[in-house]
Amino acid sequence: MTPTTRQEVLGLYRKIFQIAKNWQSASGQIEETMREKEYIRNEARTLFRKNKNVTDPKLIKQCIEECEARIEIGLHYNIPYPRPIHLPPMGLAHKQGRMLRHQEKLRKISKPIYLKSHDEVS
C-alpha cells in the first residue's frame, strides 16, 4: 500500500468515526440513535479489520469506492444501514447448467458497489 493510499484509508476511517460521533437518527429517539452509532462503529471496525491485509491496488481502490459510496448514501438518506436492492428471483433458470451459471453471474454483476462486502460480513 502506498503512503497516499494509506492516508486515504485512515482518513476514511476517521471520517466514519466522526460521523458516528455526530450521528442523529431520523426518528430522534435516543435509544435508536445509540443503536445506530454503535452499528456504524462496529461495521467500520469489522470491514476495516477484514480488509487490513489486502495488498492488491485494484481491490484496495474498490474497497475505498465502496466505503465512500456507503458514507454518501448513509448521509443522504440518514440511514446507517445499507440500502436494500431488489433482484428478481432466478425462477427461469434450470437447477444446473449454463443458464444457471449465467444468471448467477448476472446477479453478481448487478449488485451495487455499496453491498459487495455487506453480505460477506452479515
Gyration tensor on Cα atoms of the stretch 3-85, a ≥ b ≥ c root eigenvalues, a/c under 1.5 rounded, else prolate if a/b beats b/c, else oblate, says prolate
Could you calculate the contour length gain from TYR81 to MET1, that is, 0.36 nm times the residue separation minus the distance between their Cα atoms, to one decimal place in nm? 25.9 nm
For the stretch 3-85 the mean separation of alpha carbon contacts under 8 Å (6+ apart) over residue count, i.e. relative contact order in percent, is 31 percent
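Since every read-out is calculated from the coordinates, none of them should be taken as a lab result. Just so it is clear, the structure is predicted and the values come from calculations on it, not from any experiment.
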